[in-house]
Amino acid sequence: MFTLRIAVTLVTAFLIASCGGGGGGDSTASPVPATPVTVPLLTAIANSTNNSSSKTFTVSGYYSSTGNTLTGSGTRNVSAAISAVLSGVSYLKQTTVTTGTATALNATVLNLNTSGITYANPSTYATVIVDNTNPYSVINPYTYPATVTTGDAGQFATGVTYSNSSKTTVTGSITQSYQVLANTTTSVLIKVITNVYNISNALTLQSISTFSITTSGAISLISFEQYSYSVGGSTPYYIVETFQ
């Protein structure tokens, strides 16, 4: 069985602070609202940070080549945030544990098991550190917009990745941006795109997480997609987790 490490780093704040608070629309835009919809993004993140969640997912995509399709399933569990002190600084700490497997058409079995910890600013809910052992990521200071509206787009954050928590060896960098899309008359879809670069600034991984957020501030994870590029001899793959 091959271990396919879908690093928590790749989605930083949003995948860690997702799914809590319940509710949410679905991934189909019916009907598409005639006017833009505004939702309270920061409230949604606060709600989800302070609540635990558990979601199951099914797997699709491919491994190594587009014809070598994937099937599988798993579960993602996110803890409610707790207060924690790291190097004398107070944070909100959340843990995410994913378990599951996927099988390719050629019978290759992929281990989807991962775990990771995020440390967020308790005042702004912005992620500061993502500890996935390898990599260990430090995120530059940023703030979330209080609200977002259909058609909005921008960049959330940038960061540096290290081989471990000693931060002695830089392994690359990450950027995270977002797009707000129409969904229903009371919700939007927000796509969070995270790009991961190696030390040579080559794009190695890209993840796209899609959430629904309602006008009442409920957030729900709809899907997670990840592309692994053939860089430095790594095996390319495209994996999609669709959440129930």
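What follows is calculated from the coordinates using simple rules that are stated; it is not laboratory data. What you are looking at is a predicted structure, and each value in this text was computed from that prediction instead of being measured. Reconstructed Cβ throughout: ideal geometry from the backbone, glycine too, with neighbour counts over all protein chains shown.
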In nm, the gap between the two label points placed 7 Å beyond Cα toward Cβ at VAL138 and THR35 is 4.7
With PHE224 itself left out, Lys, Arg at +1 and Asp, Glu at -1 over residues whose Cβ is under 9 Å from its Cβ give -1
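Once fully extended, how much extra length lies between SER87 and VAL160, figured as 0.36 nm per residue of separation less the alpha-carbon to alpha-carbon distance?
Difference between extended and current length: 24.5 nm.
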Mean separation of Cα contacts under 8 Å (at least 6 apart) over the residue count of the range 53-195, i.e. the relative contact order in percent, is 13
The correct pair for the chain, radius of gyration to one decimal and Dmax as a whole number, both in Å and from Cα atoms, is 17.4, 52
Other residues with Cβ under 9 Å from the Cβ of ILE208 give, with Lys and Arg +1 and Asp and Glu -1, a net charge of 0
Ratio for the range 52-162, C-alpha Rg to 2.2 N^0.38 Å, reads 1.32
Note: probe point = Cα of ASN106 + 7 Å toward Cβ; backbone nitrogen < 17 Å; residues of the range 209-244 passing the test are 228-231, 233-239
Given 106-118, 139-151, the highest-first ranking by average Cβ count within 10 Å works out to 106-118, 139-151
Distance in nm between LEU181 and THR215 label points, each 7 Å along Cα→Cβ, equals 2.2
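Normalise the Cα radius of gyration of the range 144-187 by 2.2 N^0.38 Å (N = residues in it) and let me know the number.
So the Cα radius of gyration is 1.73 times the expected 2.2 N^0.38 Å.
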Taking N as the number of residues in the range 123-244, the ratio of its alpha carbon radius of gyration to 2.2 N^0.38 Å works out to 1.16
